[in-house]
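Before any comments, here is the structure.
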Amino acid sequence: MILVVLGLTQLMVALDATVINIALPRAQAALHFSAGDRQWAVTAYALAFGSLLLLGGRLGDLWGRRTALVVGLVGFALASAVGGFASNFTELVAARAVQGVFSAILAPAALAALTTTFTDRHERARAFTIYGALAGSGAAIGLILGGALTQWASWRWCLLINVVFSAVALVGVVALIESRPRSKPAGLDVTGAVLASAGLFAIVFGLAHAVTATWASVVTVGSLVAGVVLLGVFLKWQQRSDHPLLALPLVFSRTRGGSMVALFITMMGFFGVSLLLAYYLQSELGYSPLRTGIAFLPMVIALGFSAILASARILAVSGPRPLVPAGMLLAGLSMVLLTRLPVRANYFGTVLPGLILLGLGLGLIFAPATASATAGVAPSRAGVASAIVNSSQQIGGSVGTALLNTIAVTVSGRALAHASGASAGVRAAAATLHGYSIAFWWAAGIFLAGSLFTAIVLESGAPELSVDGAGA
């Protein structure tokens, strides 16, 4: 029952990263914002979520899992309600950002509760297979749910539905989760929290700003440089802090660090691709929101199939090394297939094979990487470790959305400016597809680089990692 409650919580957090994607064309028409600005409805959530996760995970360790889950669920529901009734683009983006703030408390608390509940190796493998499948498919399920809600009700219900999810999860948390705060809570590293949050924010903001400006813009370059500097200062500070926000051994273990990088790369590719595919199916092929959501269903099925049959059987014995690199390779090949998207509808010949291959690949990555990234963590640090895992995914998603959307928009604009002949509509469609194709090639390169990296870094065998020393 605890797994059901925590799984529902994770599903809500994961699907909310993409549930708005399919609703964006109608939300854009209703609230009158530009194609360059559309990413902020996605990025604002992931930006706040990812930049505050280390702080949220630490608060969960200090407050106890139950308190953190209750605060996160209530705040998330209220922010969703505000976003659902937004009357302009600014209100929508602000509400999405506040959703991200409470997700930063909610997500690490849920994963930490799972980590401390399932300690047996085989039980843990099964629990994380289910949890990983929900985490991975949640983004895809969000696309399907977003399509259904947009078509049958309104794009606003893509946000309002969270009130229902939160209420159900809240009942389960109050009934089943025991709060176990530390007997002697350590202090909170406020300086570290400010440095980490500011650094992560600056990096993602800089990438997102490049869409509406240029890569050479002073704001873009300044934000990226400031982000790198702030994160460097943060790492130095963690070596001196009496109560470090981040126990560095959590990151520097080969398998744990490699698993976190794997999750970062995976979400970097997937988030950006899902946004572009949602726009392609609706804007270029004329699919309805519901049909667009259903178009992603084969990916969800493939993801669940590979996660349950492969990860559950192999992970406890072999560890993540044979699974994660293979999953990255399959995801990269799926991106290569998607570079050939045509102007005329040909879902079964081009889109479907790519989605199935992507789902099979993601299923081999999420459960092994998530389980390995949190294995052997002391209960007192479970929240922070879980926050790093979630932060890897959310920042990866933010970077991927900003980067791939920037590439697609920039390349499309240049192609359209140099196009000649044919009608304006044909030129625009061809330019847009060229931008998508280049973005998918970038995604393919990202996944293939991830496959090589994880094959080298990850270790074979079930991970038995310990971080009881060195500030853990």
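Assess whether ARG240 counts as being at pLDDT below 80, at negative phi and among the basic types (Lys, Arg).
no
Kindly provide the set of residues from segment 25-39 that are among the hydrophobic types (A, V, I, L, M, F, W, C) and at pLDDT 80 or above, ordered by number.
Across segment 25-39, the qualifying residues are ALA27, ALA29, ALA30, LEU31.
Within the group GLY60, GLY146, which residue is closer than 15 Å to LEU11 by Cα and of a type in the set (Gly, Ala, Ser)?
Of the residues listed, the single one that is closer than 15 Å to LEU11 by Cα and of a type in the set (Gly, Ala, Ser) is GLY146.
Among the residues of segment 146-162, write down those that are touching a residue at least 12 places away in the same chain (Cβ under 8 Å) and exposed (fewer than 15 other Cβ atoms within 10 Å of the Cβ).
The answer is TRP152, and nothing else.
Could you say which residue among PRO322, PRO353, PRO342 is over 21 Å from the mean Cα position of the chain (by Cα), modelled with pLDDT of 85 or more and surrounded by fewer than 23 Cβ atoms within 10 Å (Cβ to Cβ)?
Of the residues listed, the single one that is over 21 Å from the mean Cα position of the chain (by Cα), modelled with pLDDT of 85 or more and surrounded by fewer than 23 Cβ atoms within 10 Å (Cβ to Cβ) is PRO353.
Identify, by number, the condition in (1) at pLDDT 80 or above; (2) crowded, with 19+ Cβ neighbours inside 10 Å; (3) hydrophobic (A, V, I, L, M, F, W, C) that ALA449 doesn't meet.
Of the numbered conditions (1) at pLDDT 80 or above; (2) crowded, with 19+ Cβ neighbours inside 10 Å; (3) hydrophobic (A, V, I, L, M, F, W, C), the odd one out for ALA449 is (2).
Going by the structure shown, is THR150 hydroxyl-bearing (Ser, Thr, Tyr), farther than 20 Å from THR370 by Cβ and modelled with pLDDT of 75 or more?
Against the criterion (hydroxyl-bearing (Ser, Thr, Tyr), farther than 20 Å from THR370 by Cβ and modelled with pLDDT of 75 or more), THR150 qualifies.
Please verify whether segment 17-30 includes one or more residues that are assigned by TED's automatic domain parsing to the domain that holds LEU281 and without any contact (Cβ under 8 Å) to a residue 12 or more places away in the chain.
For segment 17-30, residues assigned by TED's automatic domain parsing to the domain that holds LEU281 and without any contact (Cβ under 8 Å) to a residue 12 or more places away in the chain: present.
Given the condition surrounded by fewer than 23 Cβ atoms within 10 Å (Cβ to Cβ), among the aromatic types (Phe, Trp, Tyr) and in contact with a Pro (Cβ under 8 Å, 6 or more places away or on another chain), answer yes or no: does some residue in segment 272-282 qualify?
Yes, because at least one residue in segment 272-282 is surrounded by fewer than 23 Cβ atoms within 10 Å (Cβ to Cβ), among the aromatic types (Phe, Trp, Tyr) and in contact with a Pro (Cβ under 8 Å, 6 or more places away or on another chain).
Among the candidates PHE252, PHE234, which residue alone is free of Cβ contacts under 8 Å to residues at least 24 places away in the same chain and either in the same structural domain as ASP61 (by TED's automatic domain parsing) or touching a helix residue (DSSP H, G or I) at 6+ places or on another chain (Cβ under 9 Å) (or both)?
One residue alone meets the criteria, PHE252.
Evaluate the following for SER334: is it more than 30 Å from SER154 (Cα to Cα) and at pLDDT 90 or above?
Against the criterion (more than 30 Å from SER154 (Cα to Cα) and at pLDDT 90 or above), SER334 qualifies.
Show me the helices (runs of 4 or more DSSP H) entirely contained within segment 226-313 in which 1 or more residues are among the hydrophobic types (A, V, I, L, M, F, W, C) and either more than 23 Å from the chain's Cα centre (by Cα) or within 22 Å of ALA385 (Cα to Cα) (or both).
249-252, 254-279
Please state which one of LEU231, LEU263 is surrounded by fewer than 18 Cβ atoms within 10 Å (Cβ to Cβ) and closer than 17 Å to SER398 by Cβ.
LEU231
The values are calculated or read from the model by the stated rules, or taken from the named source; none is laboratory data. Predicted model, so just to flag it, every value in this text is computed and none were measured. Here Cβ is always computed from backbone atoms with ideal geometry, including for glycine, and neighbour counts include all displayed protein chains.
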